[in-house]
1. For label points placed 7 Å from Cα toward Cβ, what is the shortest-first list of nm distances from B:D51 to its copies?
2. What relative contact order, as a whole-number percentage, does region B:67-109 give when Cα pairs under 8 Å and 6 or more residues apart are counted?
3. Let me cross-check B:K108: its accessible surface, 1.4 Å probe, with only protein heavy atoms counted, in Å² to the nearest 10?
4. List the accessible area buried at the contact between A and B, summed over both sides and calculated with a 1.4 Å probe, in Å² to the nearest 100.
5. Starting from the Kirkwood Rh over alpha-carbon pairs, what translational D in µm² s⁻¹ does the protein assembly as shown have by Stokes-Einstein at 4 °C and 1.567 mPa s?
6. Filter the cross-link list A:K56/B:K108; A:K98/B:K108; A:K88/B:K88; A:K72/A:K98 down to pairs whose alpha-carbon distance in this structure exceeds 28 Å.
7. Roll a 1.4 Å probe over the protein chains and send me the accessible area per residue for chain A in Å².
8. Using a 1.4 Å probe on protein heavy atoms, which residues of region A:84-107 have at least 30 Å² less accessible area in the complex than alone?
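The values are calculated or read from the model by the stated rules, or taken from the named source; none is laboratory data. Keep in mind that what you see is a predicted model, and the values were worked out from it rather than measured. Virtual Cβ from ideal backbone geometry, glycine too; neighbours counted across all protein chains shown. Each accessible area value is taken on the protein alone, full model and side chains, heavy atoms only, with ligands, DNA and RNA left out. Shrake-Rupley method; radii C 1.70, N 1.55, O 1.52, S 1.80 Å.
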Number of protein chains: 2
Amino acid sequence: MPRQRQTRQRIAIENVFDHEPRPLGPAEVLDLAQEEVPKLGIATVYRALNDMVEEKLLRVVELPGQPARYEKSGLHHHHHFHCLQCDKVFDLEGCLLKSNLNLPEGFKVTGHDITLSGSCPACAPDSDES
Amino acid sequence: MPRQRQTRQRIAIENVFDHEPRPLGPAEVLDLAQEEVPKLGIATVYRALNDMVEEKLLRVVELPGQPARYEKSGLHHHHHFHCLQCDKVFDLEGCLLKSNLNLPEGFKVTGHDITLSGSCPACAPDSDES
DNA sequence: CTAATTGCAAACAGTTTGCAGGCGT
DNA sequence: ACGCCTGCAAACTGTTTGCAATTAG
C-alpha cells in the first residue's frame, strides 16, 4: 500500500495540523486549509481526515455532542480539557486515571478516555486580572 | 412551568429506563417503548428524551462515534465501560479519576468524563472457561 | 373545553459516496 | 499516460421542527 499522493489539498490539510496545536473539527480544518487552497471541498477534508486516521497520522478526539475532532498522533499519552465557555479543547499532559482501578471481575480494559471540562485560563471566571 | 402531561408514551419511555439498567440510545428506547405503545414515533422519543434531560431526570452519556445514550440521573457518581465487542455500555461504580491532578495554572475543572473500553465479562477473550 | 402532546413527513446538520474531470507520479 | 484525487451534488444517518389531529387535565 503506497503512500498517498502529495496533492496541494493534502499538504494544506497536514499543514493545518502542524500549525494548530489543538484538536480540530472537519469544519475548522476546511476553513483553515481553504486559506491555502480556496476551492477545497468538505468531502476532500473528510476523505483526507479518514485516510490520515487510518495511517495513524491523526487521532480522533470525540467530545460529547460535537462533531469529531482530530489531532496529530504520536503525542504522549494525554487527555483533554474542554472549555465550556470558548468551546476550545486543550491537551493535558500525563494520565489522569487512577492507578488502582477496582473493576468488577471479568472486565478487560484496553483503553480509556478522559475529558475534563470547565473553563480555560483565558475564560476563567476568577482570573487574577486586577 | 407545570409538569409535563402524563401521556401513555411518556410513561412508556420512563418505564424503559426503569427496567433497563444501562445507558440507552434513542433507537433502543423507541424499540423498547414500542412494545407498550406500538405507534410511538421517533420524534416523540427525542422530544421526551430532551425534556427529561432538561428536567434532570436523565443524563446524557456520549460515546465516541455513536448516537448519544441516556440513563437515569440521580445515580451515584460513576463512569462507563464500553465493550468493544458487544457494544454495550456498563456503569462502573466509584470515581476513576486521579486525586492529585496536576493541571496547568488557570484551568478550572467543573466536571469530568471517563470511559474505559475493552471487553465485558461475557465477551472476555480469556475467560477461564476450561 | 383548551392547550400541550403526538405522529407523520419535511427540514436540517454532519458525513459518506458516485462520477467526470484534473493532476501527481 | 495511468489511475488516484478532487469537487460537486446526491445519498444517508441522526436529530429537530411544522402542522393538523388527538388527548390529558
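1. Those separations, rounded to one decimal, come out as 4.9 nm.
2. Working: 28 pairs, mean separation 12.7, N = 43.
This gives 29 percent for region B:67-109.
3. Estimated to the nearest 10 Å², B:K108 gives 80 Å².
4. Accessible area lost upon association: around 2700 Å².
5. On the way: Rh = 21.0 Å.
In µm²/s, the coefficient rounds to 62.
6. A:K56/B:K108; A:K88/B:K88
7. Averaged over the residues of chain A, the accessible area is 60 Å².
8. The answer is A:L92, A:L96, A:L97, A:K98, A:L103, A:G106, A:F107.
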